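Heads up: the structure comes next, in structure tokens.
Each value in this text was obtained by applying a stated rule to the coordinates, not by laboratory testing. Values in this document were obtained by computation on a predicted structure and should not be read as measured data. Positions of Cβ are generated from backbone atoms using ideal geometry, with glycine treated the same way; all protein chains shown enter the neighbour counts.
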Amino acid sequence: MRLKQTDIFNPDGSIKQNAFIHDRKTGKPNTLYLKPVQTELLLYRQWLLDHRLASEWLFPSIQHPDQHITEKQFYKVMTYVRH
């Protein structure tokens, strides 16, 4: 998942209103509305800091923090945490 922390968070740690991405399949631009998940993003950011996972990526690989996780890994995690 190629989102960088700077796509979501402002330099002061606050959350941006929207993030803009391009769909890899279609190339179309998409807007992510962040307000509905603001609390979860702040909790997640704190979790990253608590676990010393310093990375430019929003979803870094735990084994290789300089790399991001794949979309497949992201969806596996999201499926797991929903249950």
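For this structure, a couple of remarks:
- Count - residues of region 38-54 that are of a type outside the set (A, V, I, L, M) and either over 22 Å from N18 (Cβ atoms) or touching a Ser or Thr at 6+ places or on another chain (Cβ under 7 Å) (or both): 4
- Filtered residues of region 55-83 (kept if aromatic (F, W, Y), under 22 Å from I21 (Cα atoms) and part of a helix (DSSP H, G or I)): F74, Y75
- The residues of region 66-83 that are loosely packed, with under 12 Cβ neighbours inside 10 Å and of a type in the set (D, E) amount to a single one, D66.
- Within region 3-41, being in contact (Cβ under 8 Å) with a residue 40 or more places away in the chain and either in contact with a strand residue (DSSP E or B) (Cβ under 6 Å, 6 or more places away or on another chain) or not in a loop (DSSP other than H, G, I, E, B) (or both) holds for K4, Q5, T6, D7, I8.
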